[in-house]
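Trainee: Below is one structure. I have some questions about it.
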Amino acid sequence: MDYFEIHGLKTLNGVIEVSGAKNAVLPLMAASILNQGKLKISNVPTLSDSITMSKLLKKMGAEVNFESDNSISVDSSKLDNPFAPYDLVKTMRASFYVLGPLLARFGNAKVSLPGGCAWGPRPVDFHLDGLKALGVKISIENGYVIADGSNLIGNKIHFPKISVGATGNIVMVAILAKGTTTITNAASEPEIQQLCEMLNSMGANISGIGTNTLTIKGVTSLNSISNISVIPDRIEAGTFLIAAAAVGGVVEVSNIIPEHLDSVIKSLQKANIELEVKDSSIVIRANVSNILSTNIETNEYPGFPTDLQAQWMMLMCLAKGNSTIKENIYYDRFTHIMELNRLGCNIKLEDSVAIIEGGRRLIGADVMSTDIRASAALIIAALCASGTSKISRVYHIDRGYDKIEEKLTNVGAEIFRKK
Ligand code: EPZ
């Protein structure tokens, strides 16, 4: 199994170009089930998750080809098997996104319930309750959702908690339901905005995009589109900004949409990090001795993203003074604390609030990745530690970061992938 060997304390200087967003390409690939023709999706990140989604679409009968120019072509016209098996769904929760489009297109679907995760539970009750509100009959048999949606009727749906995945799934059904659906407490994440914009370009009628209330007027059919380009990955961008802030140096993180990172930019500025925000990049000029402790709370967009919580925690270990992090999306998303403490951090947990001691000097150690974003925090910590660190189970990082060791090496880091 691959591991990363990292020699710490090398300042970073240069340009890092961000790839397309993992959490956008996955719903767009699921939505291609509704596209009756060949769709070219460009700016696709090379991730194991996009490969998993392509395997799932192929299993259902679609033709999917990865091209050399960071694009994939998906032809769903021959897709005829609305079945998502456990062996694929268990490896990636986002596979559950296919439930909505399969129902909208075929009127029925059999999709495995998602497996576990490093933290959780991560239920799908909002997805299922929303589908039932649209007239879908749901039964659970042997770990599978058996859905009969032959008569989709628009309705008013309110999510008890904002859910990115449930918003995506319900929108992809409601666009072909009879009548109007309103979703309150809907997700407004940029990735969901792009999904809604793609569906509208296919003839759907969704309004309120980017707000927490979506109104969907059902249509009888969709047309097909031939091209779409994935928005830049704001979480990857935030990861590299935090890495540069922690390690020190002058780094330009390019090919981004700065407004998608507003909450992160504000937090970095509060931590006394010097940033220059340009049209499609951010230049960070960092000196680790100037970082001020800054408390954060994770929240749904446009709040501070939970997917940057672990990375921020690592940064605060170097700040002047102690700080806290309150995790409001996943109360137990803290598997990275023990691993960070092995590298010399001193972080405690009290009632879902992490208490972080600042001013720490990190020392290289062997650590283990537990999930995509925890792995990113461990890489940043290793880059800030004296000596050598070894990070095992890097398959987690390969799910969500496209060529991370190449991007970091290009700006001066000493990080090597080893067998
Ligand atoms: C998406 O997951 C992202 N994944 C996650 O990124 C991200 O952390 C999360 O949104 C929150 O922003 C993708 O987009 C592929 P949710 P999702 O439904 O849709 C609860 C990463 O590292 N909930 O918005 O699964 C849930 O437990 C990954 O890239 C229910 O209770 O998240 C959580 O507390 C990790 N019932 C909250 O809602 C449901 O039916 C938000 O979850 C659904 C969700």
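The values are calculated or read from the model by the stated rules, or taken from the named source; none is laboratory data. Keep in mind that what you see is a predicted model, and the values were worked out from it rather than measured. Cβ: placed from backbone, ideal geometry, glycine included. Neighbour counts: every protein chain shown.
Trainee: Is it true that some residue in region 253-272 is within 16 Å of the ligand (Cβ to nearest atom), touching a strand residue (DSSP E or B) at 6+ places or on another chain (Cβ under 6 Å), outside any strand (DSSP E or B) and under 26 Å from Ile209 (Cβ atoms)?
Mentor: The answer is yes, given that some residue of region 253-272 is within 16 Å of the ligand (Cβ to nearest atom), touching a strand residue (DSSP E or B) at 6+ places or on another chain (Cβ under 6 Å), outside any strand (DSSP E or B) and under 26 Å from Ile209 (Cβ atoms).
Trainee: Please go through (1) acidic (Asp, Glu); (2) within 13 Å of the ligand (Cβ to nearest atom); (3) in contact with an Asp or Glu (Cβ under 7 Å, 6 or more places away or on another chain) for Asp125 and return the number of the only condition it doesn't satisfy.
Mentor: It is condition (3) that Asp125 fails.
To keep it simple, each residue is scored yes or no on (1) more than 16 Å from the ligand (Cβ to nearest atom); (2) in a strand (DSSP E or B).
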| site | (1), (2) |
| --- | --- |
| Ser68 | yes, no |
| Leu79 | yes, no |
| Ala94 | no, no |
| Val111 | no, yes |
| Gly115 | no, no |
| Gly120 | no, no |
| Asp129 | no, no |
| Ser139 | yes, yes |
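Trainee: Of the residues in region 25-56, how many are small (Gly, Ala, Ser), part of a loop (DSSP other than H, G, I, E, B) and buried (at least 24 other Cβ atoms within 10 Å of the Cβ)?
Mentor: Selection size over region 25-56: 0.
Trainee: Then there's this: Does Glu252 satisfy the condition of being closer than 19 Å to Ile291 by Cα, at pLDDT 95 or above and surrounded by fewer than 16 Cβ atoms within 10 Å (Cβ to Cβ)?
Mentor: no
Trainee: I would also like to ask the following. Can you say whether Thr306 is among the β-branched types (Val, Ile, Thr), within 16 Å of the ligand (Cβ to nearest atom) and modelled with pLDDT of 95 or more, as far as the supplied structure shows?
Mentor: The answer is yes for Thr306.
Trainee: What are the residues in region 151-186 that are under 27 Å from Asp262 (Cα atoms), among the hydrophobic types (A, V, I, L, M, F, W, C) and surrounded by fewer than 23 Cβ atoms within 10 Å (Cβ to Cβ), if any?
Mentor: Selection gives Phe159, Ile162, Val164.
Trainee: Does Arg360 meet the test of being part of a loop (DSSP other than H, G, I, E, B) and out of contact with any strand residue (DSSP E or B) (no Cβ under 8 Å at 6 or more places or on another chain)?
Mentor: yes
Trainee: Given the residues Lys22, Lys90, Lys59, which is the only one that is more than 19 Å from Met198 (Cβ to Cβ), in contact with a Leu (Cβ under 8 Å, 6 or more places away or on another chain) and either crowded, with 16+ Cβ neighbours inside 10 Å or in contact (Cβ under 8 Å) with a residue 24 or more places away in the chain (or both)?
Mentor: After applying the criteria, what remains is Lys59.
Trainee: Then there is this: Please state which of the following conditions Glu406 fails to meet, knowing it meets all the rest: (1) loosely packed, with under 15 Cβ neighbours inside 10 Å; (2) touching a residue at least 40 places away in the same chain (Cβ under 8 Å); (3) part of a helix (DSSP H, G or I).
Mentor: Unmet for Glu406, out of (1) loosely packed, with under 15 Cβ neighbours inside 10 Å; (2) touching a residue at least 40 places away in the same chain (Cβ under 8 Å); (3) part of a helix (DSSP H, G or I): (2).
Trainee: Let me ask another. Quick one: is Val18 within 21 Å of Asn169 (Cβ to Cβ) and touching a helix residue (DSSP H, G or I) at 6+ places or on another chain (Cβ under 6 Å)?
Mentor: Taking the combined requirement at face value, the residue does not satisfy it.
Trainee: To continue, here is another question. Name every residue in region 155-166 that is among the β-branched types (Val, Ile, Thr) and more than 8 Å from the ligand (Cβ to nearest atom), in order of residue number. Outline the logic, then answer.
Mentor: The initial filter retains those residues of region 155-166 that are among the β-branched types (Val, Ile, Thr), namely 157, 162, 164.
Hit for region 155-166 is Ile157, nothing else.
Trainee: If you go through region 370-384 one residue at a time, do you hit one that is away from the ligand (no atom under 12 Å from the Cβ), assigned to a loop (DSSP other than H, G, I, E, B), over 23 Å from the mean Cα position of the chain (by Cα) and without any contact (Cβ under 8 Å) to a residue 40 or more places away in the chain?
Mentor: No, every residue in region 370-384 fails to be away from the ligand (no atom under 12 Å from the Cβ), assigned to a loop (DSSP other than H, G, I, E, B), over 23 Å from the mean Cα position of the chain (by Cα) and without any contact (Cβ under 8 Å) to a residue 40 or more places away in the chain.
Trainee: May I pose another question? Over 16 Å from Asp69 (Cα atoms) and of a type outside the set (Phe, Trp, Tyr): which single residue out of Gly20, Gly37 fits that description?
Mentor: Criteria check complete, one pass: Gly37.
Trainee: Since Val145 meets every condition but one in (1) over 30 Å from His260 (Cα atoms); (2) more than 13 Å from the ligand (Cβ to nearest atom), which condition does it not meet?
Mentor: (2)
Trainee: Okay, next question. Filter region 283-308 for residues that are touching a residue at least 60 places away in the same chain (Cβ under 8 Å), within 30 Å of Ile209 (Cβ to Cβ) and aliphatic (A, V, I, L, M) and give the result.
Mentor: Within region 283-308, Leu308 is the sole residue that qualifies.
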